[in-house]
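Notes follow once the structure below has been shown.
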């Protein structure tokens, strides 16, 4: 039996009396890629915000590797091994490509404020190690983020390469669980195919367990071990891509009752 990396157990969240997530149960096994789909307003990004401690559930538990995350601050959850990207890119655009990745890696350092201010030998050695680690993270992404690009400002990158950089930065915290929020959004078909291949490599070569939100069904079909469909914060289907894509409740959630009835 596969080890459970993430367990969402009966999680509920209300905003002003409105249920945005209701009694939600999701398991993600070690080494899996699980995709979360659903129409706008289904509660997908809210789920990521719950896992990462931005929101605290009103009921239920969120467990990573057997330990509850509920009540922890976002930085503590990151230290436990959870990292994420966002639907809207959140890079440091005026910093260089490699500095963006180094910024994430600093959370694992021990230099402290005074050692950093005094530029002690230990601090300088640690900074060299961080730069080397960041270069290794970037190397995983191939030519798109290599060589001369390292010292370019992030704003000079294409949109697709900014997406890659955000994922590279997410891996710099040494996570065991990656949460990817619409990684293929805004990409053309070639870029979408490349990002789908990258997600597969992150699991197969990088060793990450991945929970991904994605609207592009070609990506979902190509990468997913399992698919979970949400609608108004409720899980309406779970299974293989084919099982979920043909589920009447999923078709209704995306197309509406009348459209679903004609299928």
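The values are calculated or read from the model by the stated rules, or taken from the named source; none is laboratory data. No experiment lies behind these values; they were computed from the predicted model shown. A quick note on method: Cβ atoms are made from the backbone with ideal geometry, for glycine too, and the neighbour counts reach across all protein chains shown.
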Report summary line: Across (1) closer than 17 Å to residue 48 by Cα; (2) surrounded by 20 or more Cβ atoms within 10 Å (Cβ to Cβ), residue 223 clears everything bar (1)
Query - Conditions (1) in a loop (DSSP other than H, G, I, E, B); (2) in contact with a helix residue (DSSP H, G or I) (Cβ under 9 Å, 6 or more places away or on another chain); (3) modelled with pLDDT under 95; (4) over 21 Å from residue 228 (Cβ atoms): number failed by residue 56 - result: (3)
Report summary line: Going through (1) exposed (fewer than 15 other Cβ atoms within 10 Å of the Cβ); (2) under 14 Å from residue 138 (Cβ atoms) one by one, residue 157 fails only at (1)
Query raised in the report: Can you tell me which residue in the range 212-244 is modelled with the lowest pLDDT, limited to those that are in a helix (DSSP H, G or I) and within 14 Å of residue 254 (Cα to Cα)?
Result: 217
Report task. State whether one or more residues within the range 184-207 are in contact with a strand residue (DSSP E or B) (Cβ under 6 Å, 6 or more places away or on another chain) and buried (at least 20 other Cβ atoms within 10 Å of the Cβ). Result -> no
Query raised in the report: Which condition number in (1) more than 17 Å from the chain's Cα centre (by Cα); (2) at pLDDT 95 or above is the one that residue 39 fails?
Result: (2)
Requested in this report: Inspect all residues belonging to the range 145-154 and state whether any of them is farther than 18 Å from residue 220 by Cβ, out of contact with any strand residue (DSSP E or B) (no Cβ under 6 Å at 6 or more places or on another chain), touching a residue at least 60 places away in the same chain (Cβ under 8 Å) and in a helix (DSSP H, G or I).
Outcome: yes
Report task. Considering (1) assigned to a helix (DSSP H, G or I); (2) surrounded by fewer than 21 Cβ atoms within 10 Å (Cβ to Cβ), say which one residue 101 fails and leave the rest. Result -> (2)
